[in-house]
Amino acid sequence: MISTTRYWFFIALIVLVYLIGMFVTLFENDSAQFAVMAMRMVQEHDFLSLFKGPEEYLDKPHMHYWLAALSYKIFGIHDWAYRIPGILSTLLGAYSCYGLGKLLYNKDVGRFASLIFMTAQTMVLANIDVRTDAVLTGFTIFSIWQLVAYIEKNSLKNIVLGAFGAGMAFSTKGQIALVVIGISVLCHLAYTRKWYRLLNWKLLVAVVVFGLTIAPMLYAYYHQFDLHPEKVIRGKDHRSGIFFIFWEQSFERMSGEGVGKNSSDFFFFFHTFLWVFLPWTVLALIGYWNQLKTFWKMKFAYRPNLEFITLGGISILFFVISFAQFKLPHYMNILMPLYAILSAAFLYTLFQEEKAKMAKVILGFQYFILGLVVVFVLLVSFYVFPLKHWYGYTALIVALALTVCFIWKKEELVAKIVIVALFSSILLNGLMNAQFYPKLLEYQGGSTMAEKVKEQNIPVDKIYKVSEQHTWALDFYDKDPVNIVSIPELKSKKNVWVYATDQELAQLSKQGIQWDDQITVDQFRITRLQIKFLNPNTRQEKLNKMHLVHLN
């Protein structure tokens, strides 16, 4: 299959892509927002309370922010420090995919699963646009692996580690972690008929470990909300943080209550999957269908060489989350490990059963995807955001040469499928992290303005804004959240700076407020790309402006 040397070579290349992305400017909204929330914990020495700007934050538990704050305490407040917990969690997830794949099948499936998981497009993106999902996904699949290992081996260590992983995942994003872990483990129990594992004193130990793991998060919720029933959160008082995380949170997501509705499309996650699992999408779809046919033919009878975690877990969970009224693409990340193991198992089946015809069809799709990636890489490098330095061209030539070298070499069909897909992901995301995102983020007004503030030694505590519009990137890179002030209050202030849009600047002028210095930068919502923006000839049409003016 794939030699140990080559396997670790590919792991090194993937990790290199991740490391390049560590140093890219934070994205607005969520990444920069969460980074600021963790930053405030450190600066204000308050690790029990979460704030989103001036508002108290009930939506998600504390673990992601605690891990980011811990990283800040160790390394300082930097964008790359914020990303470290997410990357480490993804590596834990990859190792867990390897462990579970090996446990259910063999070492080759485990290796394939770890490679597929780390190069799925949504997972690479999750480690540059870091939200709570990287930590959630890593600890969720770790918990599933350990709990399945307990079912198979009856080991106290495995169930303790599984309970700890479940506690960490629950403390990161709430009930969705327990739903995914619970359904996956129940699928395995139902298929293997090993229900007797639940009638064991070790389960009580696991409950205690889980309770101890989530206790800090529960105490933080109790301290911030339950002790203060007078607080009004989303229009309601007497909000219990503990009741929220155990009961209300997931129902709010499913119904759209509280967070709002953004999609009632039942098939949202179906068409989203087509891109989030690239370059492995075709392999996963055929693998899923192949496994479904296998189980259907044998009427779901137990076979020691088969497993039902991936097929059952994916089918049930996919169906459940499709009913949610609030949907975002990264909500699928928690299912990526299951897809990775299912796809890896199908790859091994192709090799074992020598299904050359099917393998050639899949390889054809992989070549097509690689061709699209190469075209995109060349378009970005020479047109969208052209390379400007010799080392950029050198890196591009080396990357393309390495790709050609590996693709050209004669390999068995299954190995070729893996290699072509891996280089599609590495080539695409290497360029995105090294060239595309850094250039794109030059048009993010807040982070660009923070550079101007630093260059001109403007006191960050003298910067104000006249609306509640969030300024996460400016807040983070100034290391000081921008204060909100009303226009009447502003009239009494001297020697201050105001961060404003075109419309807000016009309001200031209409109110008779004058300024003697002005800094202007481009502004574009970089997470909502448009063809006209990507086209250098029409880019200016899509740009807005952000201003920093000095009141004398």
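Quick notes on this structure:
- Across the stretch 420-432, computed HN-Hα scalar couplings (Karplus, 6.51 cos²θ - 1.76 cosθ + 1.60, θ = phi - 60°) run 4, 5, 4, 6, 4, 5, 5, 5, 4, 7, x, 5, 4 Hz from first to last residue, x flagging Gly and Pro.
- Shape of the chain, Cα gyration tensor, a/c cut at 1.5: oblate
- Cβ-Cβ distance of Leu198 and Ile316, R₀ of 22 Å, FRET efficiency by 1/(1 + (r/R0)^6): the value works out to about 0.70.
- The angle between the Cα long axis of helix 133-153 and the main principal axis of the chain comes to about 20°, on a 0 to 90 degree scale.
- Dividing the mean sequence gap of close Cα pairs (under 8 Å, 6+ apart) by how many residues the stretch 444-551 holds gives a relative contact order of 32 percent.
- Antiparallel %, DSSP beta bridges [both residues in the chain], to 5: 80
- Each distinct pair of alpha carbons in the stretch 361-442 adds a 1/r term; the inverse of their mean, the Kirkwood radius, is 13.3 Å.
- Packing-based exposure ordering (other Cβ within 10 Å, fewest first) of Val185, Val361, Val375, Val414: Val375, Val361, Val185, Val414
- Rounded to 10°, Cα long-axis angle of helix 356-379 versus longest principal axis of the chain: 20
- Degrees between helix 336-352 axis and first principal axis of the chain (Cα, 0 to 90, nearest 10): 30
- Residue-span extension gain [Lys545 to Lys107] - 0.36 nm each, minus C-alpha spacing: 152.3 nm
- Simple rule: put +1 on each Lys or Arg Cβ and -1 on each Asp or Glu Cβ in the stretch 22-352, find the dipole, and look at Asn158, Tyr191, Val135; the Cα lying farthest toward the positive end is Tyr191.
- Neighbour-count ranking [beta-carbon atoms within 10 angstrom, fewest first] of Leu548, Leu26, Leu379: Leu379, Leu548, Leu26
- Sequence-separation-based contact order of the chain, relative, with Cα cut under 8 Å and 6+ spacing, percent: 16
- Three-way shape label, the stretch 1-65, alpha-carbon gyration tensor, a/c 1.5: prolate
- Relative contact order, percent, the stretch 361-442 [alpha-carbon distance under 8 Å, six or more residues apart]: 51
Read the figures in this text as sums done on the coordinates, not as results from a lab. In this text, all values refer to a predicted model and were calculated from it rather than measured experimentally. Ideal geometry is used to build each Cβ from the backbone, glycine not excepted, and the neighbour counts take in all protein chains shown.
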